[in-house]
Structures are given as structure tokens and as C-alpha cells.
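The structure appears below as C-alpha cells.
Values in this text are rule-based calculations from the coordinates and carry no lab data. Everything numeric here is computed off the predicted structure, so don't read it as measured data. Here the Cβ is made from the backbone with ideal geometry for all residues, glycine too, and neighbour counts use every protein chain on show.
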């Protein structure tokens, strides 16, 4: 099959049985997939099948902070969080106990790959892709959840995506859901993805699987539950590959499998807002709810932003923190300007990076830091595994990128690359240009056809 770029359009087409058809691109995101996982996965039947003849990197540098929503937005825009605006998973709603997440595509300040593809005539399908609510794509089941006691999950989803498309999916497969519990949620996503590939036949598809990340948060990086999630991901991948093979368009299809970040286990949780309250910088009501602040932390897992509503020096806040925590608890302190240079939120006053075996939480606690064992019998929320750490400071913290199929050279080990290289490469695979981005096109894996 020969591919060509027609001169009157930017789109990549191929000749197929005498007809001109668009190239297809399927992007599969396994949240939390780490380079460390590949020693196991490369021996599993379907990852082994994918890797045979694929080009790949197991050394993908994520973005800072290494969180799902900033990372996935960097994947699709080719820009760092300080440019695309999704600098954390959740909004800066400092006085809310359960802040809303960055669900809505309108908050993204850069053009996304899926927006560009839609503008150029591609039919795009998106299942639970982060920051996709309200996105102008044809088939959209966004990742969004009901965050108000009076709201309903199905109604919230329907109002934020493609209504008829979502109704079709919910009517067929919602019975397997059990809230957001796993593996039910990823099974729901997978059934809908397979069904949609067969029946809606999108030109571009983007799907986000969450089970691995969820199980690691709850049980730890090397837990049995995490290993079972990897096994189920291999089975899901196999069924996706089968559908592509049986579609009759395998020679015209590019498949991408990727991760967004790795993660680390921790036995100690830091509560910066407890420190600030102790020193009179945060005020609470009689129920312990924050009602006002001069300085406040906004956690990002293995790192934390600090914002101020007053005139405070960097050294004063640093000294307060250091007076309450062990020396090893904080690995690095950054000014807001330094955070921006690292790709994070330049509007923060400062940013702090946790040391190994430490994580941040925003809640107020009896002490400035507590062990996870101490927290088990409390009502304080915490994780025993998380991400958000600096991709520049932590070792064995890279993620994964695998590309195979139409337009992709075989057996190229890309080596070190960046998460922001992915969006521009997606665009080039389809003959498009994402424009002014921070990443680069991975020319070394593209055939140019």
C-alpha cells in the first residue's frame, strides 16, 4: 500500500482498493505505566505482539508535576503545563474540601491535537480522556464525575460530551459499572472502545485506562493488585489489536500505546497547611474548615505548590517548613519563577519537592507529618503511592511510548524523549502541524509516507 500527501489538503491518505481513504490513528493511554513495568509486559503475549516491529521509548520524560491531567494535556498539546494552563489535577479552590478537577477543554490555552484533527475533517473518538469535557469532537465520553451532592453522574457526563453517542454506550454497558471502582470502570471503558471502533469507525481514537494507577494508589507500586491490572491491560490490548486486524484497515492504521507518568510508594505524609495554620497563616472555623489564609499549600502528590495572599519572603516560608519537618522530607525548594522554568505553574509563590518516601496532602492533621500507619485509623485521606514528583530529580521515573503501523519505521529504539514530543508526532502522522509547541516531531521513527 502506498501513502501520499495530496497537494490540495494537509491530510494523509492512502489508496485502498481503488478508493482514497484517510489514515487511521488509535492512541491508547495506560495511566501510570512506568518504564519499570516493561520488563514484565514485554514478555506478555499482547505487548510482545505490539512490540514486534514497533518503534518505542521506555525513557519518556514526563512533565512537572507528573500528574494525570497536566501530563495528558501536554501529550495532546505538545506544551508544558505553564503554557497550556492545566498545572494540577484540581482547580485552585483552596477553601473547598473537595475541589473540582480540570475537566473542561475550555481551560486549555493551547491547541490540542484532537481539536486540530477535527478541524481538518477527521472523526475523533475520545473515551475518558482527561480534560475533554465540552471538547468539540464528534464522539466524546469525557472523564468527569459528579462533585456535588445534588448532581447525577450520567447527567453530568451527558451534558459534557456527545449526548447520543454516550446514551448508546451507557444503555449497552453501564450495568457493569460500580461507581468508579476497578476493574469495572476500565472494563466499561474497554467494552465501549471495542464497540465504538467496530460500529462508529472513527478516524482517530483516544482512550484512557485508569486501573493500574488506581490500584497503585490504593495498594502500592509492586502490589498484587497492580500486577493484575497489568495482566488485564495486556488482555485489553490484545482485543484492540484483534479489532484493528479484523477491520481490513490494518495497513492504513497507526497504533500508539503510551503512559503519562510513573509513581513512588511512600510511608510518610506531609501536611504543609498544618504548619501554616500553626503559625497563624491559615484560619479555620470551629469545625476545622479553612475559611481564610495568607499562605496555603496546593498538593500535587510528590510536590506541592504554595500560594500567598500576603507579602512574605521565600526564606521565611522555607524556614517555617524546615522547622517542622525532618531534613530528608523536602528534596528541593523552587521560587515561582523557577517552577515556571521547569514547566510548572509560574503563578505560585513557591514549589516544594518531596524527598523519597514522602508525599503531600492538603488536609489539616494533628502533626506536620504522619506515617501512613498512623493515618490508617483516622478520617484523613491519603495515598500510599502517588506521583507528581519532579521528572528531573527522581530516578527510574520515566514512562513509555510505543508506535507501530502505517507511517512508522520498524524496530527503532528512540531512547530518551519527552512527553511533549508526542502531540506534534501524532499531528505529523496525519500530515498535520500542531504549530508552536515545546516538543518536537519524532522524525526518526516516521517513514515520511
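Quick notes
- Here the residues 383, 233, ranked from fewest to most Cβ neighbours within 10 Å of their Cβ, fall in the order 383, 233.
- Ordering 208, 72 by the number of other Cβ atoms within 10 Å of each residue's own Cβ, fewest first, gives 208, 72.
- Pair residue 191, residue 357: separation of 7 Å Cα→Cβ label points (nm): 4.4 nm
- For residue 167 and residue 332, the difference between the fully extended length at 0.36 nm per residue and the C-alpha to C-alpha distance is 54.6 nm.
- Annotation for region 369-405 versus region 230-263: alpha-carbon center distance of 26 Å.
- Pairwise FRET efficiency - residue 294 versus residue 412, Cβ, R0 = 51 Å, nearest 0.05: 0.45
- The relative contact order of region 265-386, computed from alpha carbon pairs under 8 Å that lie at least 6 residues apart in sequence, is 38 percent.
- In the chain, the DSSP-assigned H stretches of four residues or longer account for a calculated mean residue ellipticity at 222 nm of -8500 deg cm²/dmol, using -39500 (n - 2.57) per stretch and the full residue count as denominator.
- Applying the Kirkwood pairwise sum to the alpha-carbon positions of region 265-386 produces a hydrodynamic radius of 14.5 angstrom.
- Cubic angstrom per residue, convex hull over Cα atoms of region 30-175: 167 Å³
- Largest-first ellipsoid semi-axes for the chain, taking √(5λ) over the Cα gyration tensor eigenvalues, angstrom: 39, 22, 21
- Neighbour counting of Cβ atoms within 10 Å sorts the residues 254, 112, fewest neighbours leading, into 254, 112.
- Once the Cβ-Cβ distance of residue 285 and residue 176 is raised to the sixth power relative to R0 = 45 Å, the FRET efficiency obtained is 0.60.
- Sequence-distant contacts, meaning Cα pairs under 8 Å at least 6 residues apart, place the relative contact order of the chain at 28 percent.
- A viscosity of 1.306 mPa s and a temperature of 10 °C, combined with the Kirkwood radius over C-alpha pairs in the Stokes-Einstein formula, give region 167-303 a diffusion coefficient of 85 µm²/s.
- In this simple spin-label model, placing a label point 7 Å from the Cα along the Cα-to-Cβ direction at both residue 314 and residue 443 gives a separation of 3.8 nm.
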